[in-house]
1. What list of whole percents do you get for P(r) of the stretch 1-136, with Cα-Cα distances grouped in 10 Å bins up to the one holding the largest distance?
2. Can you tell me how much longer the chain between residue 127 and residue 114 gets when fully stretched, taken as 0.36 nm per residue apart minus their C-alpha distance, in nm with one decimal?
3. Given springs between every Cα pair under 10 Å in a Gaussian network model of the chain, which of 162, 83, 212 has the largest fluctuation?
4. Pairs of Cα atoms under 8 Å, at least six residues apart: use those to get the relative contact order of the chain, whole percent.
5. Kindly provide the Kirkwood hydrodynamic radius of the stretch 238-282 in Å, to one decimal, from all pairs of distinct alpha carbon atoms.
6. Let me make sure I get this right: for the stretch 116-227, a, b and c are the square roots of the gyration tensor eigenvalues over alpha carbons, sorted descending. Under 1.5 in a/c it's rounded, otherwise prolate if a/b > b/c, else oblate. Which is it?
7. Given a Förster radius of 45 Å and the C-beta distance between residue 232 and residue 181 as r, what FRET efficiency does 1/(1 + (r/R0)^6) yield to the nearest 0.05?
8. Taking R0 as 51 Å, what FRET efficiency do you get between residue 276 and residue 39 from their Cβ-Cβ distance, rounded to the nearest 0.05?
């Protein structure tokens, strides 16, 4: 499952579902949490279930409400029978949260039905930061790991999570980095958080490019206009692919070599691993 771009859609706006599915995003996230006011939750569940029951053009996730509330079971009961591709779990706190959600999923799924994979939002509470390493224990249930920079500052009384120029302040740089390493430790997709400035196309492109540089494999979006720049950032350029292929070919031609020289530069096993990764992204 390729997850370069994951586009949020409010669950109570069913007229937007089809447009989101044809936006070019690798996945859409039908949201039952923050974007849906309490009075609209039931209608949103019904709209999401109706959409899931029909033909799908793209990987479709559903973001349920957090486990510390009273709505998760109702969300799951409404949608799991229509088999979403994955459930996004906000305010997740490590492997115990995955086990708790699995209990709910099993109680609501039809006999013999396979359970959808889970995409936790892994940094939205202070306690969550200290559980990031535990996702390795639940890696078989995960489709990826992502983080958020909005709920956490609110939870600790921080004034903001970003500097005036848009960069994250130090605590949230740490949360982002730990999520990145936790995802790779679990062997699942590392999904960066949203870029909130919808009209800042240059800023989005720069942020997404840095995210891929740092090791993220995809990014969430909050508007269809953000999908194309995100996809571009997480798709290797022809020059990158050519250099990666040259590295792979050089080692294939010299199977006993540990170090080679290509275009005047020394390359070794880590470079070969990176080249293979680039080719997998381009495939």
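Computed from the coordinates by the stated procedures, all read-outs in this text should not be read as laboratory data. Note that this is a predicted model, so its numbers are computed, not measured. All Cβ positions, even for glycine, are placed from backbone atoms using ideal geometry, and neighbour counts span all protein chains on display.
1. Reading upward from the zero bin: 13, 44, 35, 8, 0.
2. 1.7 nm
3. 162
4. 15 percent
5. 10.4 Å
6. Oblate.
7. Working: r = 25 Å, r/R0 = 0.56.
Efficiency for this residue pair is about 0.95.
8. Step by step, r from the Cβ atoms, then E = 0.50.
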